[in-house]
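Peer 1: One structure is given below, represented as C-alpha cells, and several questions about it will come after.
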Amino acid sequence: MDYTEQITYLLFLKMASERQSNEATAIPPLYTWGTLKKIGDHKRRLDRYHQGLRNLSGQPGLLGLIFTKPQSKINDPAKLHYLIKMIDSENWSELTGRKR
C-alpha cells in the first residue's frame, strides 16, 4: 500500500506527458516525466523526484490538489528506477481508452 500513492504520482506525470494536456504544460520542466526519466544517476533522480513532489504540491489549481501533502515512500534509488522503467514501458493513455 505504501507504493500506491507513489505509483499514482508517477502515472499522472507519465499520462500528462502522453496526452500533452493542460496539466502537462503546468508541470514545471524540472519535474516532467521526460526530465525525470532522462536523469541517468539514480540517486540524483530520487532527489529530483522528492523535490518535485514538494514543489508540485505548491502549484496552483488541479496540479497542486493532486500532489497535496505528498509523502515519498520511495527511498531506494533502484526502486524508483525500476518503477519508472515499468511505467514507461506502457502507453497508459491508450490503455485507459480501451473498451472491455
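Peer 1: Just the accessible area per residue of the chain, please: how many Å² with a 1.4 Å probe?
Peer 2: Details: 6390 Å² over 100 residues.
That works out to 64 Å² for each residue.
Peer 1: Same structure again: For L65 and I7 in the same chain, what is the full-extension length gain: residue separation times 0.36 nm, less their Cα-Cα distance, in nm? Write out the running numbers ahead of the final one.
Peer 2: Values: separation 58, 0.36 × 58 = 20.88 nm, distance 1.64 nm.
Result for the pair: 19.2 nm of gain on full extension.
Peer 1: Still on this structure, please answer the following. With a 1.4 Å probe and all protein chains left in place, how much of the accessible area of the chain comes from carbon and sulfur atoms, in whole percent? All intermediate terms of the calculation are to be shown ahead of the outcome.
Peer 2: Working: 3400 of 6390 Å².
So the carbon and sulfur contribution to the accessible surface is 53 percent.
Peer 1: Evaluate the distance, in nm, between pseudo-label points positioned 7 Å from the Cα of I39 and of R19 along their respective Cα→Cβ axes.
Peer 2: Rounded to a tenth, the inter-label distance reads 2.5 nm.
Peer 1: Could I get the Rg over Rh figure for the chain? Both from C-alpha atoms, Rh via Kirkwood, rounded to two places.
Peer 2: Numbers: Rg = 13.0 Å, Rh = 13.8 Å.
Over the Cα atoms of the chain, Rg/Rh equals 0.94.
Peer 1: Only Cα pairs under 8 Å and at least 6 apart count here; give the relative contact order of the chain as a rounded whole percent. Numbers along the way, then the final one.
Peer 2: Details: 82 pairs, mean separation 33.2, N = 100.
This gives 33 percent for the chain.
The values are calculated or read from the model by the stated rules, or taken from the named source; none is laboratory data. Just so it is clear, the model here is predicted, and its values are computed rather than measured. Cβ sites come from the backbone with ideal geometry, for glycine too, and all protein chains shown count toward neighbours. Please note that ligands, DNA and RNA were not included when accessible areas were found on the heavy atoms of the full protein model with its side chains. Shrake-Rupley method; radii C 1.70, N 1.55, O 1.52, S 1.80 Å.
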